[in-house]
Amino acid sequence: MHPDDERALKLTRAFREYNLDQIAPMLGVQALGRPLAQVHSNLKHVFEQGSKDEIDLLNPPAHFHDWLTGPLTTPTRGPGPLKPNTITSRVTTLRVLYDALITEGLLTTNPMTGYPSPGIEHASDPLPEREDIQRLLDSAKTADPVLFAALTLIYEHAFQVRELLGLKWPAYDPTTGELLRARTVTKLSEATQRALEPLLKAAGGPMYAPEQAGPLIPWSAEELRLQLWKACKVAEIAHIPLNVLRRASLRDHPARMAASGFSNDQAYRRALRLAGKVVEKHRKDEPYR
């Protein structure tokens, strides 16, 4: 076997086995343009989730970009959303990896072509006014009950998109208003419970929805973002990205950690700093500094 053919076979086999530890050294630092430890850190969630979901990372399926939203935004450790800069680093690393495979002759086009990179986030970036958020929620309520419920969950309880779209009806108890989320049990606000009522009814009501075990929000992340963008246009306000709406939640509803899905005070404080809001008056036990 020709050495080039043998190398191509090894790389292909490594992709079939989701063996990032073999792929990164084979491509090398020069081709990837960054330390191998960084490559591993940036892409490990993509390869781990790809293995679980049986996604062909060498010849990705048509829904690859939608699927990527999950592993590219998975926190490395601890609760809380990733910074856009971290997501951008992951996207760039994956794009460079595919470019290296084109150079190797394994691919002819880059599967990351057209995948959006998040903008650079600054802690000083202004958050939307409460009035604009209310206009958005009013627009969403008129447009679609699914959109209204999703945005209400994010704004009232600081849900991350991946966590939100993973919620199933058995995790919700409409008699108590409690919702089992990734790290805590959250008592939903009355506004959130009301927003879920049409969806619960459509899913079969409190008797049958848990048995069906369907998703609370039966949309993809791409569909949610698209409908949000449309609702902002109808409301005649600047576009409010989902991560910004979550930060606004931490600013406007910082009364208790569990309602926002945080399991420890340190993580909650970090998120509040990101939201850029001093909340001393809301935390009587230990003022935030």
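The values are calculated or read from the model by the stated rules, or taken from the named source; none is laboratory data. Keep in mind the model is a prediction, meaning the values are calculated, not measured. Heads up, the Cβs are rebuilt from the backbone with ideal geometry, glycines too, and the neighbour counts pull from every protein chain shown. All accessible areas refer to the heavy atoms of the entire protein, side chains included, with ligands and DNA or RNA removed. Shrake-Rupley method; radii C 1.70, N 1.55, O 1.52, S 1.80 Å.
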**Message:** Probe radius 1.4 Å, ligands and nucleic acids left out: which of Trp229, Trp67 has the largest accessible area, and how do the rest follow?
**Reply:** Trp229, Trp67
**Prompt:** Once the principal axes of the Cα atoms of the range 45-108 are found, what is the range along each, listed largest first in whole angstroms?
**Reply:** 39, 24, 17
**Item:** Ranking by accessible area, most exposed first, for Phe148, Phe47 with a 1.4 Å probe
**Value:** Phe148, Phe47
**Fill in**
Among Gly114, Thr142, Leu101, the residue whose Cα sits farthest towards the positive end of the charge dipole of the range 101-239 (+1 at Cβ of Lys and Arg, -1 at Cβ of Asp and Glu, taken about the Cα centre) is Thr142
**Prompt:** Over the heavy atoms of Arg194, what accessible area does a 1.4 Å probe trace out, to the nearest 10 Å²?
**Reply:** 140 Å²
**Prompt:** Where the eigenvalues come from the Cα gyration tensor of the range 11-76, what are the semi-axes √(5λ) of the equivalent ellipsoid, largest first, in whole Å?
**Reply:** 19, 15, 10
**Request:** Over the alpha-carbon set of the range 155-253, work out the extent along each principal axis and list the three values in angstrom, largest first.
**Result:** 40, 25, 21
**Asked** What number, in nm² with one decimal, is the all-direction average of the projected area of the convex hull of the alpha-carbon atoms of the range 121-194?
**Response** 6.0 nm²
**Prompt:** D for the range 184-241, whole µm²/s, Stokes-Einstein with Kirkwood Rh over alpha-carbon pairs at 20 °C and 1.002 mPa s: what number?
**Reply:** 158 µm²/s
**Prompt:** Contour minus end-to-end for Val234 and Thr184, with contour as 0.36 nm per residue of separation and end-to-end as the Cα-Cα distance?
**Reply:** 14.5 nm
**Message:** Rolling a 1.4 angstrom probe over the protein chains, ignoring ligands and nucleic acids, what is the accessible area of Ser220 in square angstrom, nearest 10?
**Reply:** 50 Å²
